[in-house]
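Asker: One structure, as structure tokens, below. Some questions next.
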Amino acid sequence: MRHNDFGFYRVGLSKFTIRPNTNNEVYSIIDTNSVYILYKEEMTNVTGSMISKYCKFYNHGRIAEFYDRNVNLKIDTILEARKGYMGYYNYDGENIIVQFYNSNANSSELNTVKFSVENDTLISLYRGIENSQIKSFFIKKRIPKNIRVTKPDW
């Protein structure tokens, strides 16, 4: 395990339990020229508030998860993939399965998310303990032409 210039961990593909996408049908569903911004969460038996984040799909089954504290598309002119949490996605013909690798000084974890797609919206459902759940809605937003997008470093 190593971390890049911005402090984000990068690990080999062997740490993931899914393989990067090879099904080109996914590109009729997702747009690699857009970001998917979290705009709403429906929480059951969960406390807390929504954190501003978004996802960017890249080719070859790669995806990055960004938070506004790292990249802010309202003021930044570069969408720097190295400032995102690394992940991979795979399309099974019905859902998009995504895995992100997150790590800190105390632990590391592989988070798996299954997205269903409704029009231009990605929807995920997380089920936790004691009947808790979070349903998250990510809406597609085209990346403005003045923002330069870098390639992932994984």
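The values are calculated or read from the model by the stated rules, or taken from the named source; none is laboratory data. Owing to the predicted nature of the structure, the values given are computational and were not obtained by experimental measurement. Cβ atoms come from the backbone with ideal geometry, glycine included; neighbour counts cover every protein chain shown.
Asker: Say whether the condition of being part of a loop (DSSP other than H, G, I, E, B) and closer than 19 Å to Ile147 by Cβ is met by at least one residue in the stretch 78-90.
Answerer: yes
Asker: Quick one: in the stretch 103-116, of everything that is in contact (Cβ under 8 Å) with a residue 40 or more places away in the chain and surrounded by fewer than 16 Cβ atoms within 10 Å (Cβ to Cβ), which residue is farthest from Tyr27 (Cα to Cα)?
Answerer: My answer is Ser108.
Asker: Just to be sure I understand, how many residues within the stretch 96-113 are modelled with pLDDT under 95 and either of a type in the set (Lys, Arg) or closer than 20 Å to Glu41 by Cα (or both)?
Answerer: Number of matching residues: 4.
Asker: Then there's this: Scan the stretch 120-127 and tell me whether some residue there is at pLDDT 95 or above and not polar (S, T, N, Q).
Answerer: Yes, the stretch 120-127 has at least one match.
Asker: If a residue must be surrounded by 14 or more Cβ atoms within 10 Å (Cβ to Cβ), under 26 Å from His60 (Cβ atoms) and of a type outside the set (Gly, Ala, Ser), how many such residues does the stretch 128-149 contain?
Answerer: Number of matching residues: 6.
Asker: In addition: With respect to Arg19, determine if the residue is touching a residue at least 40 places away in the same chain (Cβ under 8 Å), charged (D, E, K, R) and either closer than 15 Å to Val98 by Cα or touching a Cys at 6+ places or on another chain (Cβ under 9 Å) (or both).
Answerer: The answer is yes for Arg19.
Asker: So Ser52 ticks every box in (1) in contact with a Phe, Trp or Tyr (Cβ under 9 Å, 6 or more places away or on another chain); (2) touching a residue at least 24 places away in the same chain (Cβ under 8 Å); (3) not aliphatic (A, V, I, L, M) but one. Which box is left unticked?
Answerer: Checking Ser52 against (1) in contact with a Phe, Trp or Tyr (Cβ under 9 Å, 6 or more places away or on another chain); (2) touching a residue at least 24 places away in the same chain (Cβ under 8 Å); (3) not aliphatic (A, V, I, L, M), the one that fails is (2).
Asker: Exactly one condition in (1) among the polar types (S, T, N, Q); (2) within 27 Å of Asn4 (Cα to Cα); (3) in contact with a Ser or Thr (Cβ under 6 Å, 6 or more places away or on another chain) is false for Ser124; which is it?
Answerer: Going through (1) among the polar types (S, T, N, Q); (2) within 27 Å of Asn4 (Cα to Cα); (3) in contact with a Ser or Thr (Cβ under 6 Å, 6 or more places away or on another chain) one by one, Ser124 breaks only (2).
Asker: Filter the stretch 15-56 for residues that are surrounded by fewer than 16 Cβ atoms within 10 Å (Cβ to Cβ) and hydroxyl-bearing (Ser, Thr, Tyr) and give the result.
Answerer: Thr17, Thr22, Tyr27, Ser28, Thr32, Tyr39, Thr44, Thr47, Ser49, Ser52
Residue-by-condition table, conditions (1) in a loop (DSSP other than H, G, I, E, B); (2) farther than 16 Å from Asn111 by Cβ; (3) at pLDDT 85 or above:
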| residue | (1), (2), (3) |
| --- | --- |
| Tyr27 | no, yes, yes |
| Lys40 | no, yes, yes |
| Gly48 | yes, yes, no |
| Tyr54 | no, no, yes |
| His60 | yes, yes, yes |
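Asker: Tell me which residues, restricted to the stretch 2-18, are outside any helix (DSSP H, G or I) and either of a type in the set (Lys, Arg) or touching a strand residue (DSSP E or B) at 6+ places or on another chain (Cβ under 9 Å) (or both).
Answerer: Arg2, His3, Asn4, Phe8, Tyr9, Arg10, Val11, Phe16, Thr17, Ile18
Asker: Could you list, in sequence order, all residues of the stretch 59-82 that are within 28 Å of Arg127 (Cα to Cα), touching a residue at least 60 places away in the same chain (Cβ under 8 Å) and buried (at least 19 other Cβ atoms within 10 Å of the Cβ)?
Answerer: Those that are within 28 Å of Arg127 (Cα to Cα), touching a residue at least 60 places away in the same chain (Cβ under 8 Å) and buried (at least 19 other Cβ atoms within 10 Å of the Cβ): Arg62, Ala64.
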